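Working notes, beginning with the structure itself.
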Amino acid sequence: MIPVTILIVDDRPENLFAMQQLLEDDPNRTLLLAHSGQEALGLLLSHEVALVLLDVQMPEMDGFETATLMRRNRRTRNIPIIFVTANHTERTHIFQGYAAGAVDYLPKPVDPVVLQSKVRIFEDLYRQRKQLEDVNARLDAKVAELERLRFELEEKNRILHTLSLLDGLTGIPNRRHFDDTLRSEWQRMLREGSPLGLIMIDVDHFKRFNDHYGHLHGDRCLKRVAGCLSAVLKRPSDFVARYGGEEFAAILPATDHAGTCHVAEALRQAVEHLAIDHAASPTTDHVTISLGAASVIPAPGCHPSDLVCAADQALYAAKQSGRNRWCYQGCQPDSCIHPLT
């Protein structure tokens, strides 16, 4: 059972002793005794008290003044006060007590049965309040724990979502992220009436590289190429992804024919400057890339796949022309030449 503390305040020692004798039989009850209002206020600041039995007639600071001061202090303002007084029949006296903050009156001489009954009522109320506070504290802790778990789950979901958009080997965006970005940038350029550039990139003779050096070195090569391509693209909106296998793709928003070709050459030179040995290459003795460039101003009726198809055709032409180079292919299917109205 929750223990309770009761403060008894009376300037007469014999009254304190009598009240103490009536209430000290409960092992879950602690009694504090104060001989004055000043002493009572001091005890209230250092103890948690469930009930105050307060004598009204006291010298220097009477019960009304003590109660009034209790109600002005945030720590003690809600502690129940039962006034103990011999002058309990005068209405003015009673109203003054209630105005000071009393919740009940006990007449002197105190009836033991009435005293025990009233004290138990306020003890029960105190215990119920403490139990409610404990339940609320546990609920608050549960809510805080659930909030922490929710935050952790959201963070894990965010990380998982990020990981689902990245290529596991190279760490750059994957094919899924490429497809989503191409669609969104296509729509954005359509709204703005701006050109969209696309470059398809293939590592030359990569199968021969793997066969000659092994797949572990092949993976390292792809990582270095991916990092190199990413480093070349400076604008925040530029985007490079691993398209699949040894193939990469770069999306260049607001980039026309000339700009797309310029970026393609910059990418080609950057990879060549890596100087990764490729003894099995019939093109040169180091790793190179072939690139297919295309650009278009999106129009109603056109589709992003039209641009991918044009860049793929340009990549095929670059390979057929000897590799380690780029070719440009205009994106002009019938749907773009004669857009829907």
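What about residue 86, is it in the same structural domain as residue 40 (by TED's automatic domain parsing), aliphatic (A, V, I, L, M) and more than 21 Å from residue 33 (Cβ to Cβ)?
no
When you go through 123, 133, 147, 154 one by one, which is the residue that is surrounded by 15 or more Cβ atoms within 10 Å (Cβ to Cβ), modelled with pLDDT under 95, in a helix (DSSP H, G or I) and of a type in the set (Asp, Glu)?
Only one candidate qualifies: 123.
Looking at (1) free of Cβ contacts under 8 Å to residues at least 40 places away in the same chain; (2) assigned to a loop (DSSP other than H, G, I, E, B); (3) touching a strand residue (DSSP E or B) at 6+ places or on another chain (Cβ under 9 Å); (4) surrounded by 15 or more Cβ atoms within 10 Å (Cβ to Cβ), which one does residue 301 not meet, given that it meets all the others?
The number of the failed condition is (3).
Out of segment 162-183, which residues are assigned to a helix (DSSP H, G or I) and acidic (Asp, Glu)?
179, 180
Here is a check on your reading of the model: is residue 259 under 21 Å from residue 318 (Cα atoms) and either modelled with pLDDT of 95 or more or not assigned by TED's automatic domain parsing to the domain that holds residue 305 (or both)?
Judged against the criteria, residue 259 is a match.
For residue 159, all conditions in the list (1) part of a helix (DSSP H, G or I); (2) touching a residue at least 40 places away in the same chain (Cβ under 8 Å); (3) aliphatic (A, V, I, L, M) hold save one; what is the number of the exception?
(2)
Checking residue 282 against (1) touching a strand residue (DSSP E or B) at 6+ places or on another chain (Cβ under 9 Å); (2) in contact (Cβ under 8 Å) with a residue 60 or more places away in the chain, only one condition comes out false. Which one?
Among (1) touching a strand residue (DSSP E or B) at 6+ places or on another chain (Cβ under 9 Å); (2) in contact (Cβ under 8 Å) with a residue 60 or more places away in the chain, the lone unmet condition for residue 282 is (1).
Does any residue of segment 267-282 turn out to be in the same structural domain as residue 326 (by TED's automatic domain parsing), more than 30 Å from residue 212 (Cα to Cα) and at pLDDT 95 or above?
no
The values are calculated or read from the model by the stated rules, or taken from the named source; none is laboratory data. This one's a predicted model, so the numbers in the text were calculated from it and none came from an experiment. We place every Cβ from the backbone using ideal geometry, glycine too, and count neighbours over all the protein chains shown.
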